[in-house]
Amino acid sequence: MSPVFDNVRNSWYIHIEIIRCVVMGVTMHHENARVFMALCDAARIRVLELLRGGEKCAADLLERTGIGQSTLSHHMKILVESGIVTARKAGKWTYYSLCESGGRYAAGLLRLLTSTDETIKKRIPHLNNKNEPRRPSSMKPFTIVVDTGCDLPAAYIREHGIEVLPIPFTLNEKEYKDGYWGEISEKDFYNALRNGGVAKTSQINPNAYVEVFTEYAKQDREALFIILSGGLSACYQSALIALEDVQGTYPDCRLYPVDSIGATSINAILAMLAVRKRGEGLSAAETAAWLEERKQYIFGLFTVDDLMYLHRGGRLSTLSAIGGAILGVKPILNIGSEGKLALKDKARGRKASMELLVSQMKRSVSPDTVLDTVFINHTDCEEDARRLAEMVKAAFNVRQLNIIMISPVIGAHVGPGTLAILFEADMSRDEYEAKFYGGK
């Protein structure tokens with residue numbers, strides 16, 4: 001074997017740890033750190049004080065701060081990237097103003113990061129009061145709300161009156177809500193990626209949650225919110241910040257955000273379980289408390305087909321991506337007990353990666369178990385998804401098996417060719433980790 005090939009192979013194994021670090025939530029921590037970086041400079045504090053008086057042109061800021069143009073540009077880039085300041089171009093000048101939602105997020109983030117787990121739990125009704133009385137049968141059933149990261153079939157959403165909050169994303173700098181609104185189909189989205197399109201996602205900001213929560217509180221509606229994993233996105237942080245804000249005005253509001261510690265149809269399974277519990281007469285608070293326990297048993301196993309998408313997202317070096325492609329290496333990942341992606345294994349070739357997904361599923365599901373619902377999700381590789389579905393049906397007793405194309409909100413991060421199995425296991429994620437990997 002040539003030295004060049006050896007170097008490529010060694011680089012791949014070294015950079016496996018880079019993938020592990022990034023998918024475990026480092027990127028989100030970096031995003032949060034930007035907020036505080038914006039406040040750690042006297043010149044930027046001066047700019048923020050000036051912007052309190054309203055929108056300012058860059059020329060005005062140059063004159064009033066007395067700093068050079070290149071230095072001002074550097075400071076404004078940091079402030080805009082933090083989300084605390086917004087910018088708009090008009091002619092040859094840029095105009096800056098404070099962003100209300102960015103400021104709200106920064107203030108709430110500081111409260112969350114400086115609060116103990118017990119303090120945070122006290123702010124979340126269903127974690128603080130698990131003994132809330134059962135909802136009387138005459139009371140109107142509560143509303144179940146998901147976001148577009150859940151990959152729940154549209155027909156099921158309509159049938160059970162589930163409401164959906166959009167997580168925005170951009171494709172080639174054009175903003176979309178998601179396929180639920182028909183703005184772009186999943187297939188068109190993945191074709192655009194194959195043709196070199198660039199997609200980015202963002203969170204639901206606190207202001208958006210404040211608007212939604214306030215509307216529910218005004219109408220005295222009881223609602224359960226199943227939110228994309230706090231280990232993968234800042235949406236849950238935004239929801240907690242917004243809930244604390246709304247509780248100040250509506251202290252008796254009955255709104256219950258649940259961190260799904262999952263993505264794609266892990267969230268769909270949680271929503272289906274919530275529908276079942278609602279039908280049994282449980283309140284939103286009781287259902288939320290039950291989901292907090294049950295969510296540890298909802299598993300997600302994934303494999304990606306094209307390592308270059310991890311590279312484009314900053315998750316893998318060019319050499320490692322090329323090396324992985326040469327070797328035909330397919331990483332196998334799952335979502336752990338804290339809702340973060342973790343690299344668990346690797347396979348050589350597509351067929352081997354699918355067999356390994358089923359093999360890992362067998363570890364957590366007894367042969368005698370009857371699985372109510374299993375999702376086989378994919379990013380525009382339906383033929384492979386159908387083959388994987390047949391492998392799952394041959395190995396397990398499944399009542400309902402759904403094949404779903406993953407929404408752009410999730411697919412933007414993995415690219416076309418990703419396969420996933422989502423299901424209820426016989427053991428918790430912690431038990432699985434302890435049994436097969438010696439811990440988390």
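The values are calculated or read from the model by the stated rules, or taken from the named source; none is laboratory data. What you are looking at is a predicted structure, and each value in this text was computed from that prediction instead of being measured. Glycine also receives a Cβ, built like all others from the backbone with ideal geometry; neighbour counts cover every protein chain displayed.
Of note:
Each row is one residue, and each column tells you yes or no for (1) over 28 Å from Leu422 (Cβ atoms); (2) assigned by TED's automatic domain parsing to the domain that holds Ile335; (3) modelled with pLDDT of 95 or more.
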position: Lys174; (1), (2), (3): yes, no, no
position: Ile184; (1), (2), (3): no, no, no
position: Asp188; (1), (2), (3): no, no, no
position: Val198; (1), (2), (3): no, no, no
position: Val210; (1), (2), (3): yes, no, no
position: Lys218; (1), (2), (3): yes, no, yes
position: Tyr236; (1), (2), (3): no, no, no
position: Asp245; (1), (2), (3): yes, no, no
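- Residue ranges of strands (runs of 3 or more DSSP E) in region 340-440 with at least 2 members more than 24 Å from Lys295 (Cβ to Cβ) and in contact with a strand residue (DSSP E or B) (Cβ under 9 Å, 6 or more places away or on another chain): 341-348
- Among all residues of region 82-97, there is none that is aromatic (Phe, Trp, Tyr) and modelled with pLDDT under 85.
- Selection from region 212-229 of residues that are under 20 Å from Lys340 (Cβ atoms) and either surrounded by fewer than 22 Cβ atoms within 10 Å (Cβ to Cβ) or not aliphatic (A, V, I, L, M) (or both): Ser229
- Inside region 370-410, residues that are over 19 Å from the mean Cα position of the chain (by Cα) and of a type in the set (Val, Ile, Thr) make up a count of 6.
- Within region 280-306, the set of residues being within 22 Å of Glu159 (Cα to Cα) and free of Cβ contacts under 8 Å to residues at least 40 places away in the same chain comprises just one member, Glu280.
- Test result for Ile84, assigned by TED's automatic domain parsing to the domain that holds Val35 and buried (at least 19 other Cβ atoms within 10 Å of the Cβ): yes
- Of all residues in region 423-433, one or more are closer than 22 Å to Thr148 by Cβ, within 22 Å of the chain's Cα centre (by Cα) and at pLDDT 95 or above.
- Yes/no for Arg44 being under 30 Å from Gly230 (Cα atoms), part of a helix (DSSP H, G or I) and touching a residue at least 12 places away in the same chain (Cβ under 8 Å): yes
- In the set (1) modelled with pLDDT of 80 or more; (2) over 21 Å from Ile404 (Cβ atoms), the condition left unmet by Val275 is number (2).
Residues checked against (1) in contact with a Gly (Cβ under 8 Å, 6 or more places away or on another chain); (2) surrounded by 22 or more Cβ atoms within 10 Å (Cβ to Cβ):
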| residue | (1), (2) |
| --- | --- |
| Gln360 | no, no |
| Val370 | no, no |
| Arg387 | no, no |
| Lys393 | no, no |
| Arg399 | no, no |
| Ile421 | yes, yes |
| Glu433 | yes, no |
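- Exactly one residue among Arg312, Arg294 is among the basic types (Lys, Arg), modelled with pLDDT of 95 or more and more than 16 Å from the chain's Cα centre (by Cα), and that residue is Arg294.
- Residues that are β-branched (Val, Ile, Thr), more than 15 Å from the chain's Cα centre (by Cα) and either surrounded by fewer than 23 Cβ atoms within 10 Å (Cβ to Cβ) or not in a helix (DSSP H, G or I) (or both), drawn from region 233-291: Val246, Thr249, Val275
- Tyr209, sole failed condition from (1) under 28 Å from Ile410 (Cα atoms); (2) surrounded by fewer than 24 Cβ atoms within 10 Å (Cβ to Cβ); (3) in contact (Cβ under 8 Å) with a residue 12 or more places away in the chain: (2)
- Figure legend. Inter-residue proximity from region 403-422: first residues free of Cβ contacts under 8 Å to residues at least 40 places away in the same chain, second residues assigned to a strand (DSSP E or B), beta-carbon distance below 6 Å, spacing 6+ or different chains. Indicated pairs: Ile403/Ile376.
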